[in-house]
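Peer 1: To start, I am sharing the structure in question, which I have written as structure tokens.
The values are calculated or read from the model by the stated rules, or taken from the named source; none is laboratory data. What you see is a predicted model, and the numbers here were worked out from it, not measured in a lab. Positions of Cβ are generated from backbone atoms using ideal geometry, with glycine treated the same way; all protein chains shown enter the neighbour counts.
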Amino acid sequence: MIIIMHVDADLCGGSIVVSGHRPGAEAELSLRADSAAGIRQWFHFRVRGALDARLELSIVDAGQAMHADAFRGYRALGSYDLERWFRVPTDFDGRRLVLRHRPDHDTVHYSYFAAYPLDRLSALLAVVDRSPRARVLSIGASVEGRPIHLVVLGEDGPGKRRLWIAGRQHPGETMGSWFVEGALARLLAEDDPVTDALLGEAVVYVLPNLNPDGSTRGNFRTNAAGRDLNREWHAPSRDGSPEILAARGVMEQAGVDLFLDVHGDEHADVAFAIGCEGNPGFSERLHDLERRFARSLARREGGFSSELDYGSDDPGKGDLRIGNNWVGERFDCLSMTIEMPFKEGPSGFGPDRASQLGRSSLEAVLESLGVLR
């Protein structure tokens, strides 16, 4: 059988460089750096002419990636329709990352984690905007002029808490979008006692994608100006990080009682949370809130660990450039980063589990609601 295979990354969020084709269904590929920074890790590409071919796709420079050692014990994700994703046999020898797969369809996508293109977000926001309990706002624009969306759920009123969820500061951490999708689906669901109780006592603000430029360009870590947005919260700028300037502005107007910033971790094989220990204003009250929330989520999700973290900063040495640290310090509130694994791990982590974690997180939020202040 003659194999005529074509590999490209001409996709929203696509990123790969085709170094060369070898005989049959083999290809040599290279990681592409972020568009304005020298960071390599993310990949998302498409193979056409793949039906029943025994593909061997070698990313020859994986050993030079930002987190190269994280490729050990890792398997890439594949999809025929960008809806349903599966793990693909993957080997890493310290230099090359090799994907081997025999597709059942002519066209197949491969990604570091399940891709989440902006047209999927647009479709989700259209559904959200039709709900009587939600509204979609544009609070500003990215470096390249793309809108920064804010979803507001629930009606304001005396004593209501302000709860915030943010995703995709790092565009290659697409599990953040799947988490947000799961959370929004539950927040819109009718006759859900958790959602009804939550929106009865709080207003929920969701920033579904804080880095639309990086998401479009296929960057792993940065925006169109080459900035890591999760290092811009202390002093965002109109030229370099207008996305964070916009987010901070609406937070200042509305207030914050709880903030969840959802991310991905390259090395871990379970989800976990990071708090604000080390912040100058960190207190015993905040410590208790963090432990309560993490343990509550761990009871609901077997793939979430309440014990794993990056280790605490020295007292007063918390990095206030980071989103959850800055928000926690500014608003003296429960503020946590949720880290989800790129790796499959013992729980079989993938986009469905990320969405489920988004749904389950609302139960942990509700359990914490009465003691936030």
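Peer 1: Which one is nearest to Leu369 (Cα to Cα) among residues in segment 337-348 that are of a type outside the set (D, E, K, R) and surrounded by fewer than 24 Cβ atoms within 10 Å (Cβ to Cβ)?
Peer 2: First pass over segment 337-348, keeping only residues of a type outside the set (D, E, K, R): 337-338, 340-342, 345-348.
Within this subset, residues satisfying the condition of being surrounded by fewer than 24 Cβ atoms within 10 Å (Cβ to Cβ) are 345-348.
Details: Gly345: 31, Pro346: 31, Ser347: 28, Gly348: 30 Å.
Checking each candidate, the answer is Ser347.
Peer 1: Further question: Restricting segment 261-287 to residues that are touching a Gly at 6+ places or on another chain (Cβ under 6 Å) and among the acidic types (Asp, Glu), which is farthest from Gly167 (Cα to Cα)?
Peer 2: For segment 261-287, the residue satisfying everything is Asp269.
Peer 1: Which one of the conditions (1) assigned by TED's automatic domain parsing to the domain that holds His67; (2) charged (D, E, K, R); (3) out of contact with any Pro (no Cβ under 7 Å at 6 or more places or on another chain) does Arg161 fail to meet, given that it meets all the rest?
Peer 2: Exception for Arg161: condition (1).
Peer 1: Okay, next question. Just need a number here: residues in segment 325-359 that are closer than 19 Å to Leu124 by Cβ and assigned to a helix (DSSP H, G or I).
Peer 2: Counting residues in segment 325-359 that are closer than 19 Å to Leu124 by Cβ and assigned to a helix (DSSP H, G or I) gives 9.
Peer 1: Follow-up question, since we're still on this one. If a residue must be part of a loop (DSSP other than H, G, I, E, B) and crowded, with 20+ Cβ neighbours inside 10 Å, how many such residues does segment 229-267 contain? Spell out how you get there, then give the answer.
Peer 2: Our first condition is that a residue be part of a loop (DSSP other than H, G, I, E, B); within segment 229-267, this holds for 232-241, 255-257, 266-267.
If we keep only those that are crowded, with 20+ Cβ neighbours inside 10 Å as well, we get 232-233, 236, 241, 256-257, 266.
Final tally of qualifying residues: 7.
Peer 1: Name the residue, out of Pro242, Pro280, Pro236, that is in contact with a helix residue (DSSP H, G or I) (Cβ under 8 Å, 6 or more places away or on another chain), within 22 Å of Val143 (Cα to Cα), modelled with pLDDT of 95 or more and assigned by TED's automatic domain parsing to the domain that holds Pro147.
Peer 2: Working: Pro242 fails: in contact with a helix residue (DSSP H, G or I) (Cβ under 8 Å, 6 or more places away or on another chain); Pro280 fails: within 22 Å of Val143 (Cα to Cα).
Selected residue: Pro236, the only one of Pro242, Pro280, Pro236 that is in contact with a helix residue (DSSP H, G or I) (Cβ under 8 Å, 6 or more places away or on another chain), within 22 Å of Val143 (Cα to Cα), modelled with pLDDT of 95 or more and assigned by TED's automatic domain parsing to the domain that holds Pro147.
Peer 1: Please specify each residue of segment 94-136 satisfying the condition of being in contact with a Lys or Arg (Cβ under 6 Å, 6 or more places away or on another chain) and either surrounded by fewer than 18 Cβ atoms within 10 Å (Cβ to Cβ) or among the β-branched types (Val, Ile, Thr) (or both).
Peer 2: Going residue by residue through segment 94-136, those that are in contact with a Lys or Arg (Cβ under 6 Å, 6 or more places away or on another chain) are 102, 107, 109.
Within segment 94-136, Arg102, Thr107 qualify.
Peer 1: Out of all the residues in segment 115-141, which are closer than 14 Å to Ser215 by Cα and touching a Gly at 6+ places or on another chain (Cβ under 9 Å)?
Peer 2: Ala115, Tyr116, Pro117, Leu118
Peer 1: How do the pairs read when you match residues in segment 240-266 that are of a type in the set (Phe, Trp, Tyr) with residues anywhere that are surrounded by 19 or more Cβ atoms within 10 Å (Cβ to Cβ), using Cβ under 7 Å and keeping only pairs 6 or more apart or on different chains?
Peer 2: Phe259/Trp164; Phe259/Asn324; Phe259/Val327; Phe259/Cys333; Phe259/Ser335
Peer 1: Can I ask one more? Out of all the residues in segment 316-324, is one or more modelled with pLDDT of 95 or more, of a type outside the set (A, V, I, L, M) and not in a loop (DSSP other than H, G, I, E, B)?
Peer 2: yes
Peer 1: Let me ask another. Scan segment 84-92 and tell me whether some residue there is touching a strand residue (DSSP E or B) at 6+ places or on another chain (Cβ under 8 Å), of a type in the set (S, T, N, Q), surrounded by fewer than 16 Cβ atoms within 10 Å (Cβ to Cβ) and assigned by TED's automatic domain parsing to the domain that holds Asp69. Please lay out each step first, then the result.
Peer 2: At the first step, the residues of segment 84-92 found to be touching a strand residue (DSSP E or B) at 6+ places or on another chain (Cβ under 8 Å) are 85-92.
If we keep only those that are of a type in the set (S, T, N, Q) too, we end up with 90.
Narrowing further to those that are surrounded by fewer than 16 Cβ atoms within 10 Å (Cβ to Cβ): none.
Scanning segment 84-92, I find no residue that is touching a strand residue (DSSP E or B) at 6+ places or on another chain (Cβ under 8 Å), of a type in the set (S, T, N, Q), surrounded by fewer than 16 Cβ atoms within 10 Å (Cβ to Cβ) and assigned by TED's automatic domain parsing to the domain that holds Asp69, so the answer is no.
Peer 1: Are there any pairs with C-beta distances below 8 angstrom linking a residue in segment 72-83 that is within 14 Å of Ala50 (Cα to Cα) to a residue that is acidic (Asp, Glu), with the two at least 6 apart or on different chains, and if so which?
Peer 2: Sorted first by the residue in segment 72-83, then by its partner, the pairs are Tyr80/Asp104.
Peer 1: If you don't mind, there's one more thing I want to ask. Restricting to segment 210-228, and then to whatever is touching a Lys or Arg at 6+ places or on another chain (Cβ under 9 Å) and assigned to a helix (DSSP H, G or I), can you tell me which residue is farthest from Gln169 (Cα to Cα)?
Peer 2: So, considering only residues that are touching a Lys or Arg at 6+ places or on another chain (Cβ under 9 Å) and assigned to a helix (DSSP H, G or I), the one farthest from Gln169 (Cα to Cα) is Thr216.
Peer 1: Has segment 188-199 got any residue that is in a helix (DSSP H, G or I) and acidic (Asp, Glu)?
Peer 2: Yes, there is a match, as at least one residue in segment 188-199 is in a helix (DSSP H, G or I) and acidic (Asp, Glu).
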